[in-house]
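For reference, the structure discussed in these notes is given below.
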Amino acid sequence: MTAVFSHGRLRLYLLKLLAEGPKHGYELIRLLENRFLGLYAPSAGTIYPRLQRMESEGLVTHTQAGGRKVYELTGDGRAELTQRAGELADLEAEIHASVADLTTLASEIEQHVSGSVRDIKQELRDAARQVRSAGRAPWQQAHRRWTPGAPAGGAGTPGPWTQGADGSPVDTNPVDTNSVDTNSVDGNQGHGGPDGDRGTRTTGDSRANAPAFGDLERAVGQLASEVRRMARQGSAGEAQLRAATAVVSSALTELRRLLRE
Amino acid sequence: MAYWAITEPRRLDIDRVDRLDVSLLAGRLSLVGTDGPARVEVSAVGELKLNVRSEDGQLSVHHDVPRAWPGIFKPLWWWWIGGRRRFSADVSIAVPFQTPATLKVGSGSVIVSTVHADLSVDCASGRTTLLGVDGRIKASVVSGSIEALGCAGDITLDTVSGEITLADTAARRLTAKTISGALTADLDNPPHDSEINLETISGEIIIRVREDSDLTVRLSAVHGRVTSAFPDLAVEGERGTSVRGRIGAGTGRLSANAMGGNIALLHRPVDEDFAHDEPGPVGTGSVEAST
């Protein structure tokens, strides 16, 4: 469906929509969505830069109305639209053809929705798991994640945030992923191996410092979620991501030294 | 008035539709809102013929169920055994955007996209898919899932056994209930006055709301755990079984109840590109006001 909008056709279609009257960005998005029966809903990140470029080319102007930018076609914009009338007619015909076969369209809609919904569900599940493990009461997990002698927490068992930037889940410790109840966490103590003793000792300390631990937990959780979000959303290259990894691991070394005392 | 009895695949063009009413015993039903003329496309019919009637703008499509419903010698199950295969019809309908619709399917799937009017979907067993529907939406499924993407308005969904998943949904009022089945809602809710109510008996709930939401929050899980990504909300209960508190000004309402599953509340970063398009905190930020 998105293939319909190649070669500057989105721009043409935006001109056409604005020719019907001044509109603000959100309205344009809704209209495009309707035109494509929900299958093509451009994001604000697609529409605004395009409108801005069109504005710098003098095809549209905007006025500020009630805190919103309302875009309007200029004379030049109208001229371009009349000049490309044939192209617009082709585009319209193509759009019409793509919705002509309702039966195929229905299957397309079904696939589109179930695909997007599956992605979002996965994303939310990952995020929830992360919040859950970050928000777990400190004495339940302190020995697992925080003892210096448990490098397993760093390398052996990747935490949720070590997942690929593409969101593909790396196989995590099954205890961590599925259940949060105390029993299984205790059952997991074996993973700590020879550090079991040290873990117990930390447990005693952390109980006394619970509020401070809570703050630390939150800060770490925030770090993880923000870094993940930025890494996913931003268009950072491999070099930047590696640099970011280095920053995080040096912070980790620092923390190891600090918390070992 | 126009009337057709359909026994083989065909296409009908309808002049005027103000209301739609469909009821199928089995099969796939799809409804699309368009700005073009209304039409009905039947690409498969089972042993049972389809009646299509158009009268004063009221379009109705019904499976022709015999008047004498099977009695004691032909109990109901007789219809359902193999019924799905024998009666299954594939019907696709296009109507103008603003057409209210009532859809009923016994066994099969329902797909609705870009309808901007009241919509009611009833499905006994099967999957329901909603895309870009905006209006008063009511969907209930006995066994099967509901998936909604990019919907808005006033949404009421319930299933007995089946998952409910909402993504990118800008609902002002949302009520979703399942008996067993996960509830996942990713909401781009209007920040100041949304009303969100989620309930499940044995499923899990995951909700994500905008981080600039103003909500009074009450989450409680009887046997599960509640976690929240909003640092201002206090987790109560010995094992973290409830969360109460306020996000922002607390003008909206968010409540979630789970009997046996966990609840997680997450926050969704606000799209920066949209920030300047949204009225200030004093305004009534909403989708309706902007369209």
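Quick notes
- What the phi angles of the range A:117-123 give under the Karplus curve with 6.51, -1.76 and 1.60, with θ = phi - 60°, is a coupling list of 5, 5, 4, 5, 4, 4, 4 Hz, glycine and proline written as x.
- Computed about its Cα centre, the charge dipole of the range A:14-141 is approximately 900 debye, with only Lys, Arg, Asp and Glu carrying charge at their Cβ.
- Of the peptides A:214-226, B:90-102, the ranking by mean beta-carbon count within 10 Å, highest at the top, reads B:90-102, A:214-226.
- Shielding of B:124-133 by partner chains, average beta-carbon count, 10 Å: 4
- Put simply, the amide H of B:Thr178, placed in the peptide plane, has neighbours under 5 Å in B:Thr159, B:Glu199, B:Thr200, B:Ile201, leaving out anything fewer than 5 places away on its chain.
- Estimated distance in nm for a label pair at B:Met259 and A:Arg118, the labels positioned 7 Å out from Cα along Cα-to-Cβ: 3.1
- Shielding score for B:31-38, defined as the mean number of other chain Cβ atoms within 10 Å: 3
- Gain on full extension, evaluated as 0.36 nm per residue between B:Arg85 and B:Asp18 minus their Cα-Cα distance, stands at 20.9 nm.
- Per-selection Rg to Rh, the range B:100-219 - Cα, Kirkwood hydrodynamic radius: 0.95
- J(HN,Hα) series, the range B:193-207, from Karplus relation 6.51 cos²θ - 1.76 cosθ + 1.60, nearest Hz, glycine and proline x: 9, 7, 10, 10, 9, 10, 9, 8, 8, 10, x, 10, 10, 10, 10
- A cut-off of 5 Å between modelled amide H atoms, ignoring neighbours fewer than 5 places along the same chain, links B:Thr156 with B:Ile137, B:Lys138, B:Ala139, B:Thr175.
- Relative contact order, percent, chain B [alpha-carbon distance under 8 Å, six or more residues apart]: 12
- Per-peptide average of other Cβ atoms within 10 Å, ordering B:197-204, A:110-117, A:57-64, B:128-135 highest first: B:128-135, B:197-204, A:110-117, A:57-64
- The calculated FRET efficiency for A:Ala79 paired with A:Arg53, based on their beta-carbon distance and R0 = 22 Å, is about 0.80.
- Per-residue mean of C-beta atoms belonging to partner chains within 10 Å, peptide A:28-35: 4
- In chain B, the alpha-carbon atoms span a convex hull of 131 Å³ per residue.
- The dipole here belongs to chain B: it is taken about the Cα centre, uses +1 on the Cβ of Lys and Arg and -1 on the Cβ of Asp and Glu, and is about 1440 debye.
- Using the Cβ-Cβ distance between A:Ser250 and A:His96 with R0 set to 41 Å, the FRET efficiency from 1/(1 + (r/R0)^6) comes to roughly 0.10.
- Applying a threshold of 25 Å to the alpha-carbon distances of A:Lys16/B:Lys138; B:Lys49/B:Lys138; B:Lys104/B:Lys177; A:Lys16/A:Lys121; A:Lys121/B:Lys138 flags A:Lys16/B:Lys138; B:Lys49/B:Lys138; A:Lys16/A:Lys121 as lying beyond it.
- Taking the range B:145-291 and dividing mean pair separation by its residue count, relative contact order in percent (alpha carbons under 8 Å, at least six apart): 21
- ³J(HN,Hα) computed for each position of the range B:151-163 - Karplus, 6.51 cos²θ - 1.76 cosθ + 1.60, integer Hz, glycine/proline x: 8, 8, x, 10, 10, 10, 10, 8, 9, 8, 10, x, 7
- Placed amide H near B:Lys49: partners under 5 Å, 5+ positions off or other chain: B:Asp64
- Over the range B:195-244, relative contact order from alpha-carbon pairs under 8 Å, at least 6 apart, %: 31
- Its Cα gyration tensor gives the range B:145-291 an equivalent ellipsoid. The semi-axes, each the square root of 5 times an eigenvalue, are 25, 18, 11 Å from largest down.
FYI, it's all coordinate maths here, none of it is from the lab. Note that the coordinates shown come from a computational prediction; the quantities given were computed from them, not determined experimentally. A quick note on method: Cβ atoms are made from the backbone with ideal geometry, for glycine too, and the neighbour counts reach across all protein chains shown.
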